[in-house]
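Written below as structure tokens is the structure these notes are about.
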Amino acid sequence: MTISFKDQLNRNIYLKGIPKRIVSLVPSQTELLCDLGLESSIVGLTKFCVHPGHIKSKSTIAGGTKQIHIDRVRALEPDIILCNKEENTKEIVELCETICPVHVSDIYTLSDSLELITQYGVIFNAVQKALAICEEIKNESESFKAFVANKPELKAVYFIWKNPAMVAANHTFINHLLQLNKFDNFYNDRSRYPEISLEVNNEAELVLLSSEPFPFKEKHKKELKDFYPNAKIILADGEMFSWFGSRLTKAFQYFKALRSSL
């Protein structure tokens, strides 16, 4: 029996049943699959799939998120390949479609994340676990909204890369989470991940240096202090600000601790 549904790009996907062999090309989606109880079905993943810690020893590494070994993926004989519009290229999706059905996620908001988790629950026959994860995320987010309600809004800059300096701007999931934290993104008038020129910025009150994709360290805080004289500069857990799967069950406790440290 053929099952049909739409992914988050509104593309029609047709499956011949519940997928038993899954290739995941997105780290946060790999973690979500494991939390849905589907670890044994993951036959392929990326070198960046680091949660849970043992998962890379259990599955074949198909490459990264921007470059994959397509022959290696084909040899795995997957029933479905899971991609993401931002993390994977259009070329990767098109190559994967020559092998089997491809689901593409597209995440900008918490609602998009909950929709994806719900979709996976249906696709992989893990509806109850998906509902439980969604409920936990909703409860955590509501608790955080109450916690942060009376906190002051802070003008913030969120760095994702060094040389060239790149930041998270509007139309990103990171920006959405910054808004939930009441961090007013200094680059809200720009889109996606622009390169910026470092210059003295007296307006910024908070500078977040992400742990990924560039692994910012303590030394980088000192390098930026002259450019942001009025800001508190801190190292931020990039997974909490950009992973859009079940990691969100942990994110809001992290955000509470972050806010308390300010």
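Read-outs throughout are calculated quantities, based only on the coordinates presented, and are distinct from any laboratory measurement. Being a predicted model, the structure only gives us computed values, none of them experimental. For neighbour counting, all protein chains shown are included, and Cβ atoms are generated from backbone atoms with ideal geometry for every residue, glycine included.
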Arrange the following residues from fewest to most other Cβ atoms within 10 Å of their Cβ: Ile233, Ile61, Ile107. Ile61, Ile233, Ile107
Considering only the chain, what is the antiparallel percent among its DSSP beta bridges, to the nearest 5? 25 percent
From the coordinates shown, Rg/Rh (Cα atoms, Kirkwood Rh) corresponds to which of (i) 0.93; (ii) 0.99; (iii) 0.95: (ii)
Of all beta bridges DSSP finds with both residues in region 148-261, what is the antiparallel percent, to the nearest 5? 20 percent
Cβ under 10 Å from Ala169's Cβ, Ala169 left aside: what net charge do those residues give with Lys, Arg +1 and Asp, Glu -1? +1
Whole-Å distance linking the alpha carbon centroid of region 117-154 with that of region 197-255 is 23 Å
For each of His69, His103, His51, count neighbouring Cβ atoms within 10 Å of the residue's Cβ, then give the residues from fewest to most. His69, His51, His103
Cα shape, region 58-201, gyration tensor, a/c 1.5 rule: oblate
What angle, in degrees between 0 and 90 and rounded to the nearest 10, separates the Cα long axis of helix 127-148 from the longest principal axis of the Cα atoms of the chain? 10 degrees
Taking the number of other C-beta atoms within 10 Å as the exposure measure, put His54, His220 in order starting with the fewest. His54, His220
Based solely on its DSSP helices, what 222 nm [θ] is calculated for the chain when runs of n ≥ 4 H residues each add -39,500 (n - 2.57) and the sum is averaged over all residues, nearest 500 deg cm²/dmol? -10500 deg cm²/dmol
